[in-house]
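Structure first, then comments.
The values are calculated or read from the model by the stated rules, or taken from the named source; none is laboratory data. The structure displayed is predicted, hence computed values, not measured ones. Backbone-built Cβ (ideal geometry, glycine too); neighbour counts: all protein chains shown.
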Amino acid sequence: MRAALAVLLVLALGATGVSAQAPGQPVNLAFATLDTGSAWYVYGATMAELLRRTLPPGSNIDVKPRSGGVGNPLLVAKNETPLGFGFTVTNRWAYEGKEAYTARQDNLRGLVGGLDTYYLVAVATKKLGIGSVREIRDRKLPVKVYTQPIGALGEFAGRQLLRAAGMSYADIRGWGGTTSHVGYSIIVDAFKDGRADVLFAVVTPKHPSVSEIVTAVDVKFLGLDAESAKAMLPLGYTAATMPPETFKGQAEPVSTVGFPTVLITNKDLPEPVAYTVTKTVLENKDALVRGHAGLAEFDPRTAWQPEKVGIPLHPGAEKAYREKGWMK
């Protein structure tokens, strides 16, 4: 994390959009990730360091701790941030204008898919004494619920999971509980101080903030019961199992839903820039994994596949895959 922050200190601040479109000229690209305690922020910082070496001299990559899986596709579609991270599931929603989106964002394009695997989980303190999310409703528990800010998929998916289990934020508050939607630094402190009972989140292996929570507090990872899973799958999620010991002290597998991270852009990004960004990521897996272990399962050869991207590829990205013979 220190290395990632050091990278950002080197980067100039405040750039948005693409400042020059001709090949060989410097470009200024804003890159939407998530808050500074997130895996996505580290991913972005690592990629920015690589791109500064491969884009034309003088180019600037501004890594922004932005909205996350739900909010980032909107920022990218509006070209406020030409680069960003999304998920296959939110990419599809945005492109088709459903679920979290009221209008089609059909100018979105994919660059690199299948960067990792994220899992939807509820992280509950063991002192709460529950084995499933549904028990919160059945026992009308006054739990203190935390999620990331509105706009992150962890928050939106948590809301969907509550709905699948037959309750809402309003119900939790009605039972005397609280709901807080904040950054990971605040969430970690809340668990350490005993002010948090449950975190709804989407997590990747070695997620830095969740790893910090499980090191400091005795917690239990709650997956999806069969009825809740049945309600979630039609929304576009895919059944998945988080293996044992994905996090310290997690002795049992967690049955839930999963989806990969995708590097996305929009159709207005110049083709030479999209090609260079894609090629840089594809050719530097070792450096990416050194930046964050969550990228260890990334397979560049299959990163173009529709099930790993969720939206059409940018022509510049297609060129990079076809050049390597990975996409016919």
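List of remarks:
- Which listed residue, of E96, E155, is charged (D, E, K, R) and either in contact (Cβ under 8 Å) with a residue 40 or more places away in the chain or touching a strand residue (DSSP E or B) at 6+ places or on another chain (Cβ under 6 Å) (or both): E155
- The range 26-62 - residue that is at pLDDT below 90 and either surrounded by fewer than 17 Cβ atoms within 10 Å (Cβ to Cβ) or among the polar types (S, T, N, Q) (or both) and, of those, nearest to K285 (Cα to Cα): S38
- Exactly one residue out of R159, R137 is surrounded by fewer than 24 Cβ atoms within 10 Å (Cβ to Cβ), closer than 19 Å to Y237 by Cα and assigned by TED's automatic domain parsing to the domain that holds F191: that is R159.
- Residue list for the range 292-322, restricted to those being surrounded by fewer than 23 Cβ atoms within 10 Å (Cβ to Cβ) and touching a Ser or Thr at 6+ places or on another chain (Cβ under 6 Å): none
- Count of the range 63-99 residues which are farther than 14 Å from G236 by Cβ, among the polar types (S, T, N, Q) and crowded, with 23+ Cβ neighbours inside 10 Å: 3
- G154 buried (at least 16 other Cβ atoms within 10 Å of the Cβ) and either in the same structural domain as V42 (by TED's automatic domain parsing) or among the small types (G, A, S) (or both): yes
- Annotation note: of T246, T238, T302, the sole residue that is farther than 30 Å from T215 by Cβ and hydroxyl-bearing (S, T, Y) is T302.
- Cβ-Cβ under 6 Å pairs, at least 6 apart or on other chains, the range 179-208 side in contact (Cβ under 8 Å) with a residue 40 or more places away in the chain, far side among the acidic types (D, E) and part of a loop (DSSP other than H, G, I, E, B): G183/D35; Y184/D35; T204/D116
- Candidates Y169, Y118, Y101, Y146 - the one that is of a type in the set (F, W, Y) and under 19 Å from S255 (Cβ atoms): Y118
Results for (1) closer than 18 Å to P260 by Cα; (2) hydroxyl-bearing (S, T, Y); (3) part of a loop (DSSP other than H, G, I, E, B), shown as yes or no for each residue.
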{"site": "R66", "(1), (2), (3)": "no, no, yes"}
{"site": "G71", "(1), (2), (3)": "yes, no, no"}
{"site": "L75", "(1), (2), (3)": "no, no, no"}
{"site": "G86", "(1), (2), (3)": "yes, no, no"}
{"site": "D106", "(1), (2), (3)": "no, no, yes"}
{"site": "L111", "(1), (2), (3)": "yes, no, no"}
{"site": "G114", "(1), (2), (3)": "yes, no, yes"}
{"site": "Y119", "(1), (2), (3)": "yes, yes, no"}
{"site": "I130", "(1), (2), (3)": "no, no, yes"}
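- Tally, over the range 187-205, of residues that are surrounded by fewer than 17 Cβ atoms within 10 Å (Cβ to Cβ) and either on the phi > 0 side of the Ramachandran plot or among the hydrophobic types (A, V, I, L, M, F, W, C) (or both): 1
- Residue in the range 250-259 that is exposed (fewer than 14 other Cβ atoms within 10 Å of the Cβ), over 30 Å from V214 (Cα atoms) and at pLDDT below 95 present: no
- Some residue of the range 142-162 being modelled with pLDDT of 95 or more, within 18 Å of R195 (Cβ to Cβ) and either in contact with a Pro (Cβ under 6 Å, 6 or more places away or on another chain) or among the hydrophobic types (A, V, I, L, M, F, W, C) (or both): yes
- Selection within the range 175-222: residues that are at pLDDT 95 or above and among the charged types (D, E, K, R). The member of this set that is nearest to the chain's Cα centre (by Cα) is E212.
- Selected residue [within 22 Å of F87 (Cβ to Cβ) and at pLDDT 95 or above] from L282, L235: L282
- Reported count of residues in the range 100-110, each being buried (at least 24 other Cβ atoms within 10 Å of the Cβ) and either hydroxyl-bearing (S, T, Y) or over 15 Å from the mean Cα position of the chain (by Cα) (or both), is 2.
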